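Asker: Quick one: structure below, then a few questions.
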Amino acid sequence: MTAQGNARDDVTLSVDGIEVTVPAGTGLVEAALHAGVEIPVFCYEPRLGPPVGACRMCLCEVAPGPPKPQAACTLTAAEGMVVKTARTSAMAAEAQNEI
């Protein structure tokens, strides 16, 4: 048992090269905060309902996934996911700057 419950209820991912383990079902924006990385958001407010990624400020490079920036606020942390924010990804930085 871990402090967060049974180990199979947790997922481990990497955010800007920092490995973090969070409970399954954790949003990617919150998972990044657990790693000490802030992903900028504007339209995302968890108390208002499901995120839609409308403002596109949270664009990140995510693997596995399509080879294009993805809205982090709409994603859930997954086992083995590798996330690069605008701090470590030229693709994500360029996408955010275009917004």
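Asker: Being open to solvent by less than 40 Å² (accessible area, probe 1.4 Å) and among the aliphatic types (A, V, I, L, M): is that true of Val83 here? Even if it seems obvious, please write down each step before you answer.
Answerer: Details: open to solvent by less than 40 Å² (accessible area, probe 1.4 Å): yes; among the aliphatic types (A, V, I, L, M): yes.
Against the criterion (open to solvent by less than 40 Å² (accessible area, probe 1.4 Å) and among the aliphatic types (A, V, I, L, M)), Val83 qualifies.
Asker: Which condition number in (1) more than 17 Å from Leu13 (Cβ to Cβ); (2) open to solvent by less than 60 Å² (accessible area, probe 1.4 Å) is the one that Ala31 fails?
Answerer: Result: Ala31 fails condition (1) only.
Asker: Mind listing just one residue for me: the one in region 54-70 that is assigned to a loop (DSSP other than H, G, I, E, B) and surrounded by 12 or more Cβ atoms within 10 Å (Cβ to Cβ) and, of those, nearest to the chain's Cα centre (by Cα)?
Answerer: Step one: of region 54-70, the residues assigned to a loop (DSSP other than H, G, I, E, B) are 54-58, 64-69.
Now restrict to residues that are surrounded by 12 or more Cβ atoms within 10 Å (Cβ to Cβ): 54-58, 65, 69.
On the way: Ala54: 16, Cys55: 15, Arg56: 13, Met57: 12, Cys58: 8, Gly65: 13, Pro69: 12 Å.
Ranking the candidates gives Cys58 first.
Each row is one residue, and each column tells you yes or no for (1) of a type in the set (A, V, I, L, M, F, W, C); (2) open to solvent by less than 20 Å² (accessible area, probe 1.4 Å); (3) touching a residue at least 60 places away in the same chain (Cβ under 8 Å); (4) in contact with a Leu (Cβ under 7 Å, 6 or more places away or on another chain).
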position: Leu13; (1), (2), (3), (4): yes, yes, yes, no
position: Gly17; (1), (2), (3), (4): no, no, yes, no
position: Val22; (1), (2), (3), (4): yes, yes, no, no
position: Gly25; (1), (2), (3), (4): no, no, no, no
position: Val52; (1), (2), (3), (4): yes, no, no, no
position: Ala72; (1), (2), (3), (4): yes, yes, no, yes
position: Leu75; (1), (2), (3), (4): yes, no, no, yes
position: Arg87; (1), (2), (3), (4): no, no, yes, no
position: Ile99; (1), (2), (3), (4): yes, no, no, no
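The values are calculated or read from the model by the stated rules, or taken from the named source; none is laboratory data. If you're wondering where the values come from, they're calculated on a predicted model, not measured in any experiment. We place every Cβ from the backbone using ideal geometry, glycine too, and count neighbours over all the protein chains shown. Surface accessibility is based on the protein's heavy atoms, side chains included, excluding ligands, DNA and RNA. Shrake-Rupley method; radii C 1.70, N 1.55, O 1.52, S 1.80 Å.
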